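Following: one structure in structure tokens, then a few remarks.
The values are calculated or read from the model by the stated rules, or taken from the named source; none is laboratory data. A quick note: this is a predicted structure, and the numbers were derived from the prediction, not measured. Quick reminder, even Gly has a Cβ in these numbers, built from the backbone with ideal geometry, and neighbours come from all protein chains shown. Each accessible area value is taken on the protein alone, full model and side chains, heavy atoms only, with ligands, DNA and RNA left out. Shrake-Rupley method; radii C 1.70, N 1.55, O 1.52, S 1.80 Å.
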Amino acid sequence: MSLFNNEKSHGIHPPGNKITSNKKIERVPLPKQVILPLSQHIGAPSKAIVKKGDEVKVGQKIAEAGGFVSVPIHSTVSGKVTKVIEMVSSVTSNVGNAIVIEADGKDDWVKIDKPSKPNKLSKKEILNRVKEAGIVGLGGATFPTHVKLQPPPDKKIDTIIINGCECEPFITSDHRLMLEHGEEILKGLEIMMKVLGCNEAYIGIESNKPDAIENMEKIVSESNISGEVIVELLPAQYPMGAEKTLLKRILGMEVPIGGLPMDVGVVVQNVGTLKAIYDAIYDGIPLVERVLTVSGAVKEPKNIISRFGTPASEIIDYCGGTNSNANVMIFGGPMMGIAQISFDTPTTKGTNSILIQKNNTEVEGNCIRCGTCVENCPMNLMPLMYVAYVKKNMYDELKDYWIDNCVECGSCAYGCPANIPLVQYIKVGKAELQKRRPK
Amino acid sequence: MSKTNFRADIVPILFLTVVVCISVIALAYVDSITYEKIETAKLEAFKEKLSVHFSDMTDFTSNDANDCYVVFTDNNTIGYAVKTIGSGYGGTIEMLVALEPTNLSSTDDLILRGLSVISHSETPGLGDKITQSFFLDQFQEVSFSGIELSKTGGDIDAISGATISSKAVINGIVSSIEDRFDSLVELVSSVEVS
Amino acid sequence: MAEETVDQKRLVVSTSPHIHDKKNTKKVMYVVCLALLLPIIGGVYFFGIYTLLVVLVSVITAITTEFLAKRLRKREFIMDGSAIVTGMLFALVLPPRIPLWAVIIGAAFCIAIVKEAFGGLGHNIFNPALAGRAFITVSFAGLMTSWIAPVKSVISLDSITSATPLGEGFSYAGSTSDLYIDLLFGNVGGCIGETSALFILIGGLLLLATGVIKWRIPVVYIGTVFLLAWLIPGQDPVFHILAGGLFLGAFFMATDYVTCPMTAKGQFIFAFGAGVLVILIRVYGSMPEGVAFSILLMNAFTPLIDRHVKPKPYGYIPPEKKSRFPLKKKAKTTDVADKPDQDSSTDKKEGKK
Amino acid sequence: MVHILKNLKKGIINENPVFILLLGLCPTLAVSTSIDNAFGMTAAVMFVLISANIIVSLIRGVTPDRVRIPVFIVIIATLVTIVDLTMKAFIPELSKSLGIFIPLIVVNCIILGRAEAFASKNTLADSVADALGMGIGFGIAITIISFFRQLLGTGEITIFGTHVFSAPGLFDNPMSVFILPMGAFLVLGCLLATLRYMGAIESG
């Protein structure tokens, strides 16, 4: 079958541009003001528990989980809540509430509830702490981690895959994290394995990060779980870091259409999330900051660590400002990231990179049916059919081509010689199908 | 259920029957006027085809299968004709081969008087050149054995670019005449007896 | 200072991905043009400078027609090179001494009817150049069957009527190896661009090397013809692949993105079908050459192939096949039901270890 | 009187059977190889169309609904057979070149369509006007198509043996594709496209 379906070719090789991979993580000065949207994660928005005028400290809970698939939000600075505003989400473009906090510059922390014996914590306690720390998947999808750690009883998890691929060009935050905080990551993994009760884990790292592979292998071999964790070298190819492609690459299994990795007994977690789990369990620190890469058309591309809610402009200024012709700011990588309306947009839990670019959108041409998108699609779909059907408003036919299986990785649009924005058409089609779905 | 509704069930049947009857009567009437005319028209049309080769013909007779003909002028046999079929590029080619009134001991004695194409579906501008006189005239006064392409030693030059059509004509003539030779002989002898 | 520039800047918002491969339609078309120059040079060498005129007229007519058609359809005319490719390909499948007016009519037909009437680039069902050739063949059968022998002089306007090797069959005076060499280098009668297998092969390899075409269609197409000719008694497989327009068709026509299937499996079916048709037409049909019609016929099948040969998507679980014997099926399903999915996946995993 | 004229005009322009309703394409495409054929076909179709409309309109009050279509078909088939026999008897040449398409008038959608859609619901005068209009519309369309096909396919125009004119370049190298069935589709397609472009047909 490999003659007909060359699986290796499914995916693309955009130029890596990992210009910041040798830059140590730097801490950005505290912002003067933070804007914290109540919906920074997948699931129900959090519910605010502070009101205008309240004094808050760093790490103080300012919103609590709005449901099971939801997490609390903590203040990332110390200061005063000045207002609650309505703002457009930087991810979904939905309008939601956001809490604005004026920083007093003191950076006072709330009393940290640091467990005395982190290794002795029960499964329930760990889950509770993970949830209360507001941890979500930091790879970009921002799925609440405590939900992932509590699979339904009929789904036995036997393998954990740690995603250290970072297949998107430019981004190096996970790379730096693995180099500088490898031990914490592995401790986090240990906690996860304990919670899920499984004794098999893979750390998948792309071959373009040899130092990270070396570092992680060294740390794994020195740890007490060295027999259970395997560092897996993966070819540098986009989208290797999508959980479904990663799972297939490492375990040779496919997640059924419409299913989750847990359907085949696997949980995929980003390295950043593991670091956050470590912080929450060992140090009792909630999720208030993260590592992110600032790259592209900025004067000094850097890996930085910043508090959530910091306006992007402050981070960019810290990196020396933008080059003169830049007119696009992307939260996330160039392949799947979301272009932002303004430089003032605050970063959120899912923001793993700020990428500055010059707009290079070209005129959309006619599809010449070259099949590049079919060949590039990691999910083995036929993206061009979605364009054809969406253009003709034939939404029901989209299902015949398994549109729900699309992960919107952008490989199709990247290679399209006619510059067709395929992902845009696919998003329109999915949204239209969602509208028609009987509730 | 079993009760038949006269208006709903019987009337339509009766109506349709009446209509059919009327149309049958009408057709029978039209047929009675036109039948003879159609037959004569057909005969005339064929006679015309034959008279291309036998300009002084007055009558002809044919066998049961209607593919062999004997042509007369005032009861004198002046020649024979055979309908031949070749399979060409676009379909069958129907032809009429006119023969000199020779001794019919074997096919080798036959001499062609001429050839005409009755119907064909060859490519216009190419294969349909078989209907043009420069090609057909080659078949005048040719012995049966000479019906072969000049390339392979015969008397007939193929139409350039339409070798297939030319071959089809020749193969059609040869095979059809070989097939129908016996019935031609039979027809001729029966005519002579009467 | 920096802050000011940052704040006042207006940002452009577009959907992901924000980077793009350097490949685009225009570049693809110009690479094809470049590859086509080789067979054109071959044509000029063997049949004289007049053939260059034919190519030029064809290309100019194609571009002009596209411009006019776009104007008529009130669409923007973009010089994306596809008209040049069509014009070149069309000229290459014409006899060397075709009158220029026939070239104009044909090239205009290619663009106006076969391409633009269906909606322009990407929407045509048939390969424009081949459909144009078919149109001219049916229209002016006489012109399209008058071949000349190679004159091997650029300035010569001589024309000695000759038959193509395929039209003549095997009645070639000389040894088989001479025939092969003549066929390979193009020293035979035929269309402008289809005589020299070697030139076309080099052009085709250029396309393969630049990634414009995939190996599947040319290899399967030529391979099928070779294999079938080898299996049929009395046919010379080498002669069959070298003679006529098979190479030109396999590398430049059958691989046309728009009119061939997109999936690898579909391309196999397409190329195999075309190969079978070539042999059927050449050996059992009434025409000496069948490349053009084989590709056109398979073009007609392309939408069907694309509809039914979809790649198996990631994570696809085939629906349970309906057995024709319900009793047996029942027994089977209970078997399967006993073992949940989990088992099969762990099996796989263990295999991996 | 006004609406009779309206019905007449409707068939020729607004609802031209070939160009707008796209009905009766089988004979239109098949026999439009020469203007002679077009005239012959038009005459045959018009005779059947008018007679069928007259008869259907006359019996519209008494025709039971359930056997409506069979009755219409019987009437049309009878009329067509009459035309066929008559043509064979009196104009065998034309009959031969129209060939199978005379008997096939039976299934020509224009005729059954008008009988069913119009004549079975309207008065005699209206039905005759409708048939006449449709017949003329069909005639005009098939004549235009056959004009182009004959001109392009043979390079000259002859009507009933009379040579009208020949196009200089075309006569030496006629584009025989237009005489073939494919040419009929090409000509019809181009004509429809032109009419649509000029706004004669509303795009829908």
Can you give the % of DSSP beta bridges in the range A:118-283 that are antiparallel, to the nearest 5?
5
Viscosity 1.002 mPa s, temperature 20 °C, Stokes-Einstein D of chain A from Kirkwood C-alpha radius, µm²/s:
95
Convert each backbone phi in the range B:35-42 into a coupling constant with the Karplus relation 6.51 cos²θ - 1.76 cosθ + 1.60 (shift: θ = phi - 60°), then list the ³J(HN,Hα) values in order as whole Hz, x for Gly and Pro.
3, 4, 4, 5, 4, 5, 4, 4
How large is ³J(HN,Hα), in whole Hz, for each residue of the range A:396-403 in order, when computed from phi with the Karplus curve 6.51 cos²θ - 1.76 cosθ + 1.60 and θ = phi - 60°, using x for Gly and Pro?
5, 5, 4, 5, 4, 10, 6, 4
Give me the angle, in degrees from 0 to 90, between the Cα long axis of helix B:163-193 and the longest principal axis of the Cα atoms of chain B, rounded to the nearest 10.
80
Averaged over A:334-345, number of beta-carbon atoms from partner chains that fall within 10 Å:
4
A:His13-C:Glu320 FRET efficiency (beta carbon distance; Förster radius 30 Å; 0.05 resolution)
0.20
Mind putting a number on the dipole of the range C:25-308 about its Cα centre? Charges go on the C-beta only, +1 for Lys and Arg and -1 for Asp and Glu, and I need it in Debye to the nearest 20.
900
Using 1/(1 + (r/R0)^6) with R0 = 22 angstrom and r between the beta carbons of D:Lys121 and D:Ala43, what's the FRET efficiency to the nearest 0.05?
0.25
Dipole of the protein assembly as shown, Cα-centred, from +1 at each Lys and Arg C-beta and -1 at each Asp and Glu C-beta, to the nearest 20 debye?
5580
Once amide H atoms are placed 1.01 Å from N in the peptide plane, what residues at a sequence separation of 5 or more from A:Leu234, or on another chain, have their amide H within under 5 Å of its amide H?
A:Ile205, A:Glu206, A:Ser207
Pairs of lysine residues in the range A:357-435 - Cα separation under 20 Å, sequence separation of 8 or more or cross-chain
11
Leading residue at positive end of dipole, the range A:215-314 (Cβ point charges), from A:Met253, A:Ala312, A:Gly272
A:Ala312
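Given the protein assembly as shown, what percent of its DSSP beta bridges are antiparallel, to the nearest 5?
Counting DSSP beta bridges with both partners in the protein assembly as shown, the antiparallel share is about 75 percent.
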Filter A:Lys155/A:Lys187; A:Lys244/C:Lys312; A:Lys209/A:Lys248 down to the pairs with a C-alpha to C-alpha distance above 23 Å, please.
A:Lys155/A:Lys187
Counting only residues 5 or more places away or on other chains, whose amide H sits under 5 Å from the amide H of D:Ile91 once H atoms are built in the peptide plane?
none
Span from the the range C:44-104 Cα centroid across to the the range A:26-56 one, whole angstrom:
65
How large is Rg/Rh for the range B:1-53, to two decimals, with Cα atoms and a Kirkwood Rh?
1.50
Under DSSP H, which helices of chain D have Cα atoms covering 30 Å or more of the helix axis and a Kyte-Doolittle average no less than 1.0?
D:35-58, D:68-90, D:124-154
Could you tell me which of C:Pro303, C:Phe293, C:Pro128 has its Cα farthest along the dipole of the range C:25-308 towards the positive end, charges placed at Cβ (Lys, Arg +1; Asp, Glu -1), taken about the Cα centre?
C:Pro303
Using the Cα centre of chain A as origin and beta-carbon charges of +1 (Lys, Arg) and -1 (Asp, Glu), tell me which of A:Phe331, A:Phe170, A:Pro14 is placed farthest towards the positive end of the dipole.
A:Phe331
Per 5 Å bin, what is the whole-percent P(r) computed from every C-alpha pair distance within the range C:25-308?
1, 6, 13, 18, 20, 18, 13, 7, 3, 1, 0, 0
What is the distance in Å between the Cα centres of the range B:122-170 and the range A:219-259?
76
On average over all directions, what projected area in square nanometres does the range D:2-141 have, based on the convex hull of its Cα atoms?
7.8
P(r) for the range B:16-96, please, calculated from all Cα pair distances in 10 Å bins and given in %.
15, 31, 23, 18, 11, 2
Around C:Lys26: net Lys/Arg minus Asp/Glu count, Cβ-Cβ under 13 Å:
+1
Can you pull the three principal axis extents for the Cα set of the protein assembly as shown, in Å, largest first?
135, 89, 69
Over all Cα pairs of the range A:363-436, how is the pair count split among 10 Å bins, expressed in % and running from 0 up to the last occupied bin?
22, 58, 20, 0
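Please give the charge dipole size of the range B:59-193, origin at the Cα centre, charges +1 on K and R Cβ atoms and -1 on D and E Cβ atoms. Round to the nearest 20 debye.
500
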So, counting K/R as plus one and D/E as minus one, what does the shell of residues with Cβ under 15 Å around C:Ala107 add up to?
0
Protein accessible area in the range D:2-141, 1.4 Å probe - carbon and sulfur %
73
Across chain B, how many lysine pairs separated by 8 or more positions, or lying on different chains, have Cα atoms within less than 29 Å?
17
In whole Å, largest first, what are the principal axis extents of the Cα atoms in the range D:102-150?
39, 21, 14
Shielding by partners - mean other protein chain Cβ count within 10 Å, residues of C:133-140:
6
Please compute, for peptide A:367-378, the average count of beta-carbon atoms on other protein chains lying within 10 Å of each residue's beta-carbon.
6
Distance between modelled label sites at B:Phe134 and A:Lys80, nm, 7 Å Cα→Cβ extension:
10.8
If amide hydrogens are placed 1.01 Å from N in the peptide plane, which non-local residues have theirs closer than 5 Å to the one on A:Ala63?
A:Ile49, A:Ile73
Mind pulling up the Rg/Rh value for chain B? Radius of gyration and Kirkwood radius, both on Cα.
1.24
